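Visitor: Just passing along the structure, written as structure tokens.
The values are calculated or read from the model by the stated rules, or taken from the named source; none is laboratory data. Predicted model, so just to flag it, every value in this text is computed and none were measured. Quick reminder, even Gly has a Cβ in these numbers, built from the backbone with ideal geometry, and neighbours come from all protein chains shown.
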């Protein structure tokens with residue numbers, strides 16, 4: 001066992017305690033977040049106030065509405081923004097990320113309806129826009145429902161959007177007032193109520209449905225599991241190929257058996273996987289705590305996550321090490337990795353279906369197909385409103401870990417033969433023959 | 001002497017190629033044994049089977065009285081294909097291999113320093129393996145194979161790729177280790193190297209054993225019963241002597257080979273010729289291992305095979 005641990009420690013040390021790993025797995029994400037945080041104030045500083053003269057050629061009531069809206073316009077998503085929790089609106093970083101209302105300092109020049117306005121002189125005369133609203137646009141059931149706003153070349157997209165949006169609203173307001181309605185009152189009447197689904201829990205309590213958790217949690221858990229297992233599995237592939245191509249493998253096999261080497265490598269990279277999981281998992285927990293959403297994760301989900309993570313890691317690791325031992329160059333691994341990657345991408349394709357129907361046929365059948373089991377089960381356990389039956393969880397764990405044992409056994413047989421092979425890599429059929437022969 | 005390695009009726013086939021065929025060997029403890037043969041003879045395959053890195057199709061091998069798998073900590077092995085972790089530091093690499101052989105502690109660090117000095121690689125301990133030349137890497141790997149002070153040392157082509165100076169350094173260490181009582185087996189296709197340092201040889205060709213004996217016995221058994229004499233006057237006839245069966249000029253045509261009768265005593269004859277005839281030199285002709293090997297191949301496989309082997313050895 002000591003030799004296995006010696007191999008495991010080297011595998012861990014030479015992967016996780018290297019500049020490349022520290023840079024790629026720790027420093028890069030930190031730099032990315034740092035850049036993100038730094039860019040937000042820069043984005044904010046880009047939102048200059050809209051200043052200048054606006055020429056308005058419109059019926060008086062419409063022109064009044066336009067002036068009023070441009071001076072006092074709120075952001076179009078203001079209603080939704082008002083519903084955000086205080087923890088978001090009070091957070092200096094999050095606050096900066098929210099859309100802000102456009103500031104204006106405008107002078108309005110009304111152009112009589114019968115005057116021809118030369119749009120080409122717009123920029124020369126210092127105008128920021130020429131708004132033209134024909135009277136016909138206010139007539140009910142009018143055939144035309146288009147108005148034009150002419151702006152100079154250099155007006156920003158945001159400001160152009162601000163002008164068009166508020167002019168459209170101004171026309172609607174004027175139409176409503178001509179019909180004797182109050183626009184604000186009408187808008188209030190048309191506002192859709194917010195229906196909250198209340199669900200009866202197992203303990204009989206009634207709690208509101210957390211749609212966010214139901215949508216985000218499954219993919220977040222699965223991504224975490226997949227990333228941690230696949231990243232270290234990838235390291236396993238490259239270190240195995242490196243040992244073969246460096247010809248150091250025979251030196252190792254003079255000191256230990258192939259099984260000790262295989263065991264050490266898988267244990268060592270499990271440590272790497274745990275470090276990755278720990279880092280990203282901690283970041284996720286900090287995020288949940290920041291937004292006071294930690295209660296959307298249950299202890300049983302965390303326990304099951306660990307159980308399925310170990311299962312998923314061993315499945316990916318054994319496949320990777322089998323491929324790594326069978327080829328001599330990384331480029332040779334591509335042909336064997338293709339079908340494997342396709343298989344491992346299936347949970348991503350099935351995620352939306354399983355999230356919506358965690359007890360559906362697709363979800364149930366795919367739960368018992370290794371190596372999909374851990375990924376599908378983690379989606380199901382985090383997306384189902386009514387918890388999965390205990391027997392389903394136990395059966396998936398049984399099937400999954402039996403599959404792990406079978407995969408370790410098959411990989412050991414491939415590893416024993418492949419590790420000393422050089423030259424042309426085998427195809428999938430030959431790998432199966434190695435399993436039989438090994 | 002107890003046998004340290006027993007190879008019993010071992011065969012190994014790769015696809016259509018029979019690499020080793022019904023091989024039987026018994027290597028006594030304490031010998032410095034040359035494992036000889038041309039390229040592709042089956043040397044490395046046999047050694048890998050001795051190390052339990054690969055397994056025979058049939059037959060069995062015992063090393064140190066057990067399977068090599070159970071005796072790995074007591075065997076030092078330098079494979080034919082050299083390999084190191086390129087990014088690993090030299091000291092860390094040797095330490096890692098020693099750890100895998102069950103050796104740890106502060107003494108190990110001192111041993112690593114001592115061995116690096118001994119192979120004339122002082123100051124490379126902190127360097128990465130990839131910063132070393134091939135020859136230096138080979139010496140590092142040699143240290144890794146013996147750092148755990150094994151009882152049995154198996155070296156597969158230890159001198160290939162080394163310059164004459166490094167060959168001498170490694171050769172003298174092998175000699176010292178043998179003097180300390182280690183059993184050393186080393187394979188080579190350069191038969192002359194083995195002739196210089198081995199006290200026992202095993203020759204194989206095409207997976208079959210050709211010779212397995214002490215080097216003295218090999219020479220004795222393949223004694224051509226020849227004396228080479230360089231007379232001052234080439235017009236002399238030695239066939240008048242009763243011990244001389246026939247006389248022939250050497251290739252260089254400056255000396256004679258005298259073929260002796262079966263019961264002749266070469267020492268007495270040398271004394272007799274030296275006392276009666278003006279000569280520049282006289283000596284008993286000892287066959288080289290290359291000649292013995294080619295003769296053996298000729299005996300078992302015919303002259304064509306012997307010719308091919310001669311060419312192969314000449315190009316090695």
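Visitor: Within segment A:236-253, can one find any residue that is away from every other protein chain (no Cβ under 14 Å) and surrounded by 12 or more Cβ atoms within 10 Å (Cβ to Cβ)?
Guide: Yes: segment A:236-253 contains one or more residues that are away from every other protein chain (no Cβ under 14 Å) and surrounded by 12 or more Cβ atoms within 10 Å (Cβ to Cβ).
Visitor: Against the condition buried (at least 23 other Cβ atoms within 10 Å of the Cβ), assigned by TED's automatic domain parsing to the domain that holds residue A:419, in contact (Cβ under 8 Å) with a residue 40 or more places away in the chain and in a helix (DSSP H, G or I), how does residue A:355 come out, does it pass? Full working, then the answer.
Guide: Details: buried (at least 23 other Cβ atoms within 10 Å of the Cβ): no; assigned by TED's automatic domain parsing to the domain that holds residue A:419: yes; in contact (Cβ under 8 Å) with a residue 40 or more places away in the chain: yes; in a helix (DSSP H, G or I): yes.
Considered against the rule, which asks whether it is buried (at least 23 other Cβ atoms within 10 Å of the Cβ), assigned by TED's automatic domain parsing to the domain that holds residue A:419, in contact (Cβ under 8 Å) with a residue 40 or more places away in the chain and in a helix (DSSP H, G or I), residue A:355 comes out as no.
Visitor: Can you tell me which residue in segment B:56-87 is farthest from the chain's Cα centre (by Cα), limited to those that are surrounded by fewer than 19 Cβ atoms within 10 Å (Cβ to Cβ) and facing chain A (nearest Cβ under 9 Å)? Break it down into steps so the answer makes sense when it comes.
Guide: Our first condition is that a residue be surrounded by fewer than 19 Cβ atoms within 10 Å (Cβ to Cβ); within segment B:56-87, this holds for B:57-60, B:62, B:65-67, B:69-70, B:73-74, B:80-81, B:86-87.
Cutting the leftovers down to facing chain A (nearest Cβ under 9 Å) gives us B:69, B:73, B:80-81, B:86-87.
Numbers: B:69: 24, B:73: 24, B:80: 14, B:81: 17, B:86: 30, B:87: 33 Å.
So the residue we want is B:87.
Visitor: Among the numbered criteria (1) away from chain B (no Cβ under 14 Å); (2) closer than 23 Å to residue B:85 by Cβ; (3) in contact (Cβ under 8 Å) with a residue 60 or more places away in the chain, which single criterion is violated by residue A:224?
Guide: (2)
Visitor: Another question about this same structure. Does residue B:245 fit the bill of being assigned by TED's automatic domain parsing to the domain that holds residue B:280 and at negative phi?
Guide: On the way: assigned by TED's automatic domain parsing to the domain that holds residue B:280: yes; at negative phi: yes.
So residue B:245 passes the test.
Visitor: I would also like to ask the following. Considering only segment B:47-160, give the strands (runs of 3 or more DSSP E) lying wholly within it that have at least 3 residues that are more than 26 Å from residue A:242 (Cβ to Cβ). Before the answer, list the steps.
Guide: Numbers: elements: B:58-63, B:75-78, B:152-156.
Here the list reads B:58-63.
Visitor: Further question on the same structure: Restricting attention to segment A:245-278, which residues are in contact (Cβ under 8 Å) with a residue 60 or more places away in the chain and within 17 Å of residue A:330 (Cβ to Cβ)?
Guide: A:245, A:249, A:265, A:269
Visitor: Another question, if that's okay. Restricting attention to segment A:287-318, report how many residues are part of a helix (DSSP H, G or I) and either at pLDDT below 80 or surrounded by 24 or more Cβ atoms within 10 Å (Cβ to Cβ) (or both).
Guide: Going through segment A:287-318, the residues part of a helix (DSSP H, G or I) turn out to be A:287-290, A:294-296, A:299-318.
Next, only the ones that are either at pLDDT below 80 or surrounded by 24 or more Cβ atoms within 10 Å (Cβ to Cβ) (or both) stay: A:287-290, A:294-296, A:308, A:311-318.
Qualifying residue count for the region: 16.
Visitor: Exactly one condition in (1) touching a residue at least 60 places away in the same chain (Cβ under 8 Å); (2) more than 28 Å from residue A:354 (Cα to Cα) is not met by residue A:242; state its number.
Guide: Just one mismatch for residue A:242, condition (1).
Visitor: Of the residues that make up segment B:139-149, is at least one away from chain A (no Cβ under 11 Å), without any contact (Cβ under 8 Å) to a residue 40 or more places away in the chain, farther than 24 Å from residue A:2 by Cα and surrounded by 15 or more Cβ atoms within 10 Å (Cβ to Cβ)?
Guide: yes
Visitor: Still on this model: (1) in contact with a helix residue (DSSP H, G or I) (Cβ under 8 Å, 6 or more places away or on another chain); (2) under 30 Å from residue A:249 (Cβ atoms); (3) surrounded by 14 or more Cβ atoms within 10 Å (Cβ to Cβ): which one isn't true of residue A:335, the others all being true?
Guide: (1)
Visitor: Within segment B:219-238, how many residues are more than 30 Å from the chain's Cα centre (by Cα) and exposed (fewer than 12 other Cβ atoms within 10 Å of the Cβ)?
Guide: Initial filter on segment B:219-238 (more than 30 Å from the chain's Cα centre (by Cα)): B:229-238.
Subsequent filtering for residues that are exposed (fewer than 12 other Cβ atoms within 10 Å of the Cβ) retains B:232-235, B:237.
Residues that pass the stated criteria total 5.
Visitor: While we're here: Just checking, how many residues over segment A:51-104 are modelled with pLDDT under 85 and not in a helix (DSSP H, G or I)?
Guide: 17
Visitor: Among the listed residues A:288, A:344, A:304, A:330, identify the single one that is in contact with a helix residue (DSSP H, G or I) (Cβ under 6 Å, 6 or more places away or on another chain) and within 20 Å of residue A:231 (Cβ to Cβ). Explain how you work it out, then say what you get.
Guide: Details: A:288 fails: within 20 Å of residue A:231 (Cβ to Cβ); A:344 fails: in contact with a helix residue (DSSP H, G or I) (Cβ under 6 Å, 6 or more places away or on another chain); A:304 fails: within 20 Å of residue A:231 (Cβ to Cβ).
Just a single option satisfies the conditions, and that option is A:330.
Visitor: Do we find a residue being at pLDDT 85 or above, assigned by TED's automatic domain parsing to the domain that holds residue A:385, more than 30 Å from residue B:87 (Cβ to Cβ) and touching a helix residue (DSSP H, G or I) at 6+ places or on another chain (Cβ under 7 Å) anywhere in segment A:145-155?
Guide: no
Visitor: Take segment A:53-62 and flag every residue that is under 12 Å from residue A:169 (Cα atoms) and either surrounded by fewer than 20 Cβ atoms within 10 Å (Cβ to Cβ) or within 42 Å of the chain's Cα centre (by Cα) (or both).
Guide: none
Visitor: Given the criteria under 27 Å from residue A:5 (Cβ atoms), more than 14 Å from chain A (Cβ to nearest Cβ) and touching a helix residue (DSSP H, G or I) at 6+ places or on another chain (Cβ under 6 Å), does residue B:101 qualify?
Guide: Values: under 27 Å from residue A:5 (Cβ atoms): yes; more than 14 Å from chain A (Cβ to nearest Cβ): no; touching a helix residue (DSSP H, G or I) at 6+ places or on another chain (Cβ under 6 Å): yes.
So residue B:101 fails the test.
Visitor: Suppose the filter is under 26 Å from the mean Cα position of the chain (by Cα) and assigned to a strand (DSSP E or B); does residue B:283 pass it? It would help to see each step written out before you state the result.
Guide: On the way: under 26 Å from the mean Cα position of the chain (by Cα): yes; assigned to a strand (DSSP E or B): yes.
Considered against the rule, which asks whether it is under 26 Å from the mean Cα position of the chain (by Cα) and assigned to a strand (DSSP E or B), residue B:283 comes out as yes.
Visitor: Does residue A:109 satisfy the condition of being free of Cβ contacts under 8 Å to residues at least 24 places away in the same chain and outside any loop (DSSP other than H, G, I, E, B)? Even if it seems obvious, please write down each step before you answer.
Guide: On the way: free of Cβ contacts under 8 Å to residues at least 24 places away in the same chain: no; outside any loop (DSSP other than H, G, I, E, B): yes.
Taking the combined requirement at face value, the residue does not satisfy it.
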